[in-house]
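These notes are about the structure you will find just below.
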Amino acid sequence: MRRYHGLMPSASAFQPASGEGDRFRLLVDAVVDYGIFMLDPQGRIESWNAGAQAIKGYTADEVIGRHFSMFYQEEAVARGWPDEELRRAREHGRFEDEGWRLRKDGSRFWANVVITALLAPDGSLSGYAKVTRDLSERRLHEEALRESEQRFRLLVEGVQDYAIYMLDPDGFIRSWNTGAQQIKGYSAAEVIGRHFSLFYSAGDAAAGLPQSELEEALSRGRAEREGWRVRKDGSVFWANVVISPLRDTDGKLRGFAKVTRDMTEKVKTQQALERAQQALFQSQKMDAIGQLTGGVAHDFNNLLMAIIGSIELLKKRIPEHPRVTPLLDNAMQGAKRGAALTQRLLAFARKQDL
């Protein structure tokens with residue numbers, strides 16, 4: 001309820017001096033964007049302008065003499081709201097309200113209503129001036145905007161794979177969706193009003209990583225990073241983080257939108273793939289070494305067999321000699337050791353147990 005400030009108008013304030021009455025009446029009648037009409041002290045309609053007819057659909061003959069409650073919905077009449085409006089206008093000099101009103105065809109419109117009490121020179125109540133404006137388009141726009149915001153809020157709240165929440169310009173949390181609770185483990189009541197640095201490790205927070213992310217978002221219009229973040233239970237997860245600044249139509253910073261995705265499983269899968277690739281590479285490398293080793297050992301074994309055979313022939317053809325025989329025995333032992341080594345190399349190449 002809005003109170004009237006200043007002196008309450010008298011009836012003469014709405015009754016121009018003789019000679020000006022016709023011009024005043026023509027002016028009021030010409031207004032089509034506002035319904036302007038007079039009520040007697042009991043609320044019965046005494047005048048009706050073109051704007052009232054355009055807004056409400058009634059001609060002057062159809063409404064003059066009738067109570068203005070005819071424009072209100074049944075539930076409003078049942079609870080005595082029209083009379084309450086007059087009482088407040090009479091008590092405070094002026095009353096302003098918005099609400100649904102009815103047209104002649106039964107359709108409703110959103111009305112802004114101002115009722116002003118009119119006092120006679122002796123201070124008695126002579127009636128009311130009522131001004132009505134049709135704000136249906138504004139109301140419908142507001143409702144559409146409100147429904148859109150509600151649908152968007154339900155959409156954000158329903159997302160569970162992403163943590164989506166708002167920060168104020170200083171980085172304090174202002175909203176919290178189901179996905180944020182799912183990923184980080186905190187309920188909305190536990191985090192709203194706290195700084196978002198609580199999701200960072202002590203080392204990252206001390207190094208100023210949270211603030212640097214906000215600064216990057218401001219300077220570049222968007223910041224995207226990946227790194228380890230901390231859940232409520234102290235466990236860590238690998239997060240992909242996108243921070244975007246939010247500005248109003250005047251370009252003033254209103255806060256930040258922050259979207260976090262848990263990439264831990266993806267990172268673990270990537271790490272497992274890398275380990276498998278490394279194992280495969282090592283296996284391929286060992287296979288190559290085995291093949292090379294097998295080939296060399298086979299050729300070397302053939303050479304050693306020739307050497308051993310030659311030494312055996314020499315020992316048969318040369319009689320025992322104190323200087324020569326020990327040398328041949330040493331050569332034979334070396335050749336046999338080489339042959340044993342080549343057998344081990346061949347076993348390695350064939351992946352046999354040594």
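The values are calculated or read from the model by the stated rules, or taken from the named source; none is laboratory data. Note that the structure is predicted; figures quoted are calculated from it, not measured. Neighbour counts run over all protein chains shown; Cβ positions are idealised from the backbone, glycine included. Just the protein is used for accessible areas: all its heavy atoms, side chains included, with ligands, DNA and RNA removed. Shrake-Rupley method; radii C 1.70, N 1.55, O 1.52, S 1.80 Å.
Being without any contact (Cβ under 8 Å) to a residue 24 or more places away in the chain, within 20 Å of residue 217 (Cβ to Cβ) and over 16 Å from the mean Cα position of the chain (by Cα) is the filter here, so list the residues in the range 227-240 that pass it.
Selection gives 227 alone.
Looking for something without any contact (Cβ under 8 Å) to a residue 60 or more places away in the chain and under 30 Å from residue 63 (Cα atoms) - is there at least one such residue anywhere in the range 178-190?
no
Which of the residues spanning the range 209-234 are farther than 19 Å from residue 181 by Cα, open to solvent by 30 Å² or more (accessible area, probe 1.4 Å) and small (Gly, Ala, Ser)?
Residues satisfying the conditions are 212, 219, 221.
Could you check the range 175-259 for helices (runs of 4 or more DSSP H) lying wholly inside it with 3 or more residues that are small (Gly, Ala, Ser)?
Per the criteria, 202-206, 209-220.
Looking only at residues in the range 241-260 that are among the charged types (D, E, K, R) and at pLDDT 90 or above, which one is farthest from the chain's Cα centre (by Cα)?
Step one: filter the range 241-260 for residues among the charged types (D, E, K, R), giving 247-248, 250, 252, 254, 258.
Right, trim to at pLDDT 90 or above and you get 247, 252, 254, 258.
Working: 247: 14, 252: 19, 254: 14, 258: 7 Å.
Step by step, filter the range 241-260, then rank; the result is 252.
Somewhere in the range 274-283, is a residue assigned to a helix (DSSP H, G or I) and either modelled with pLDDT of 80 or more or closer than 30 Å to residue 199 by Cβ (or both)?
Yes, the range 274-283 has at least one match.
Could you run through the range 119-152 and say how many residues are basic (Lys, Arg), assigned to a helix (DSSP H, G or I) and within 18 Å of residue 100 (Cβ to Cβ)?
Selection size over the range 119-152: 3.
Does residue 172 meet the test of being among the hydrophobic types (A, V, I, L, M, F, W, C), over 26 Å from residue 267 (Cβ atoms) and within 17 Å of the chain's Cα centre (by Cα)?
Yes.
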